[in-house]
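Data first, discussion second: the structure below is written as C-alpha cells.
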Amino acid sequence: MRKTIRVNTYYLADWMRRYYFELLGEQFEFIEDLSNPEYVLIGANQTNYLRGDEYIANRFLLDVPDSTIRIYLQHEAVGFDTTLYDYAVLFSDDLKLDDRVFFANFFSAGYFQPLGNDLFERLNKPKADPRLLLSEKTAFCNFVYSHGGVPEREELFRTLSKHRFVESHGKLLNNINPEEKASAETHFRGNWFEEGIDIKSKSKFSIASENALHPKGYYLSEKIVTAMLANTIPIYWGNPEAGRIFNSRAFINCHDYASFDELLERVIEIDRNDELWCEIMSEPWMTPEQYRDAASNQDRLKQFLVNIFSQPLPAARRRPRGFWAGRFENTTKKLLVDAANYRRQQQINIPALQKKYMGRLAGNPGVAQIELVSSELRLLRKRMKDEQWQKFLNLEANPSARLMELMVASEKQSAAKVKLAIAFYDGGQKWGIESNRALGVRLLRELVEGGILESPRCPSKAYLYWGMANMTGIVPVLARNPEVALACFTKINDRAPEKVRNLAIHHKIVILLQENQFELAGQAFTELVLSQSLKKSQVPLLVDLLGQRAELSKSQRELACSILKNKGTKDVMNWKKLTSRKFPWRFRWSAWKFLKNLQAQGCFTSNSR
C-alpha cells in the first residue's frame, strides 16, 4: 500500500512537478495540500527574478507551517540556503551535508523532460561518418544567445571572430539579421530546443556558454547538448569539470586553457585540419563509464527522496531550530512583507495617466504633439506590466485609440491607413498600443467600402488582413465569410513579401480544410511549397491536411515525402517525434492518421527507410 504524502510546490514548472511525482509514484501517493502540507517542493524561482519579482522569491515562508519539511530542487544556477531548507537536489558537489544533499546530473533531475524522453539515447547512439558530417558544414562557428551579463561569453565570441566570421543568431551581438532579432517571447513559443539544433547543425563549431560559472560539480544546461546533437564541436565555458559528464576528448573545454587567445590557437589548428576535426567528432559524447554513471544517477536520486518521505515527519527535519535560526527566518519574512508593501506603494496611477494623456490629445493637436505623445506611450508601455497596460487601455478612456484616430484623420493616403489598421489588428509596439482587432477591422472596413481592394496600388497586407478578418469574424464588427476570405488570399500575388504570401496561403489551406475541400487544400499546399516559403511551424498543417485520407496524386505524394525528409521525418521510426506526448493530443491523432494514410498509399517503402 502506498504511503499518502501531503505536498505543496512553489516555483516548480509543471513538467518538473510531473517528473518527481512519477518517479516516486510506486511508493507514494501525492496529494497537493495548499493550506497544511507535510512537505513543500521549491524550485530555483528563477522565473520571479526574470520578471522582476524578487520580493516574492521566498514567499513560501509566509504560506507554509513551520513543521513542513522543505526540499529545494535546483533548476538554474542558484544555490540553496541551509538555514531555510531541509534538503536539496543540487548540481554542484562542493557542499557536503551528510544526507541533506543529493548531487544530480541533468539527465536524472527532470531538467530535460520537456525536451523529449529519448534525449539520453539520442546522445549515445552511434554517430554518422565524420567525413560526411564535415561535407555538410557551411559555416565556421555559431553563437545563439539572447541575454548579456556574462562578459566571458562575449569575449569568447570576439576572440573567435578574429579567425573567421562567427554567426550570431540571437538578440545578443546579432550579425545575421539585426532588423529581426530573436525575442524571448518567440523563443519559447515553438520547440526552441529542436530549432537550436537546426541552427547549429551547419557549423563546424558551436559556442556553448552557460549563464553562470559553476566551479565544481555537475551543473550543465542544454547549451552543450544542443551543440552535440547538431554534430558540431562544442566550445564550452561554464563548468571546468564538464568532462565528468561528457567525454572531454569530444569537445573543447575553455577552462583547459590559460586564456582565450591560447584557446583560439587550438580552434584554428582544428579548423585547418580536417583529419583532426574528424578525429574529435568520431569520439563518443559520453564514455561507457559516464554513460553508466548517468544512467544510474536517477535510481540514486529516487532512493534519496524515498528516504526523506519514508521517515516520520519530525525525524525528517534537518534545518536548524532555535533562537538564531528562528530570528533569521522571521527577519526574512519581515523583509518579504516590507517589500510587498513597498511594491504596492509604487503602483502606477492609471486614472491620472489616462486623464493626462486624454487632455493632451483633446481638440486638434499638431503633428509634433502627436509624435511626442506616441513616443511617451512607448516608454510607458515598457514600465507597465500587462495587466496595468490593459487597464490603461480601457474603452472609456483610451489614449492610444484617440491617438490613432488623430493619425488616421491626418493621413490621406490609403496605404498609410492600412498600416495603422494593421497596427491595431496585431498590436504594434511602434505605435504604443496593444492588439485591438475590432478597431483595426472597423478601419479596414471603411477602406474596403471606399474601394481600396479594387485599386491597382492596394497594399498586399490590406488583402491579407481583410481576408483574416472575414475568415474568423470579429464580433460585432464583421460576420464570418469564408468566400470573401478566400478571394482576398487568392489576390495576393508573387510580388507580395514572402511573409505575407506565406500567411495568405496558410490561412487559405485552413479555410479549405474547414470546408472539407481536401483536393483544393492539397493544391494550395503545393503552391505554398513551390513558393519556397514553407515554415517549419507549418509541418503540423501538412499533417492535418494529409491526415484526412485525401487522395493524392503521384506528384503530391512525392512532394509530401520530400517535405517530411527535409523536416527530419524521413522514415516511419522518426514519427515518434510527431506522436510524442509533448504535442497536443489532437495533433498526435492527426499525425497518426497521416502516417497510416501515407503507408496505405505506398509512400514508405523498404528503399526509403
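Bear in mind these aren't lab numbers, they're just calculated from the coordinates by the rules spelled out. Bear in mind that the values here come from a model prediction, so they are computed numbers and not experimental data. Please note: Cβ atoms are built from the backbone with ideal geometry, for glycine as well, and neighbour counts cover all protein chains shown.
Going down the list Lys171/Lys202; Lys171/Lys385; Lys461/Lys491; Lys461/Lys499; Lys223/Lys382, which pairs span over 18 Å between their C-alpha atoms?
Flagged as over cut-off: Lys171/Lys202; Lys171/Lys385; Lys223/Lys382.
Subtract the Cα-Cα distance of Arg131 and Arg2 from 0.36 nm times their separation in residues, and report this length gain in nm to one decimal.
Net length gain for the segment: 41.0 nm.
Taking 7 Å along the Cα-to-C-beta vector as the label spot, tell me the Asp293-Glu121 distance in nanometres, rounded to one decimal.
Between Asp293 and Glu121, the simple spin-label model gives 2.5 nm.
As an exercise, use a Förster radius of 35 Å and the Cβ-Cβ distance of Cys278 and Leu213 to find the FRET efficiency, rounded to the nearest 0.05.
0.65
Counting only residues 5 or more places away or on other chains, whose amide H sits under 5 Å from the amide H of Phe205 once H atoms are built in the peptide plane?
Cys141, Asn142, Ile233
State, to one decimal in nm, how far the label point of Leu313 lies from the label point of Glu194, with both points 7 Å from Cα in the Cβ direction.
My value for the distance between the label points is 4.5 nm.
For Ala294, what charge total do you get from the other residues with a beta carbon under 12 Å from its beta carbon, if Lys and Arg give +1 and Asp and Glu give -1?
Net local charge, Ala294 excluded: -1.
For Gln388 and Lys333 in the same chain, what is the full-extension length gain: residue separation times 0.36 nm, less their Cα-Cα distance, in nm? Each step should come with its number before you reach the end.
Values: separation 55, 0.36 × 55 = 19.80 nm, distance 2.71 nm.
Fully extending the segment from Gln388 to Lys333 adds 17.1 nm.
For a protection proxy built on the mean count of beta-carbon atoms within 10 angstrom, sort 205-213, 81-89, 156-164 highest first, please.
By packing density, highest mean first, the sequence is 205-213, 81-89, 156-164.
What translational diffusion coefficient, to the nearest whole µm²/s, does segment 219-374 have by Stokes-Einstein, given a Kirkwood radius computed over alpha-carbon pairs, a temperature of 20 °C and 1.002 mPa s viscosity?
93
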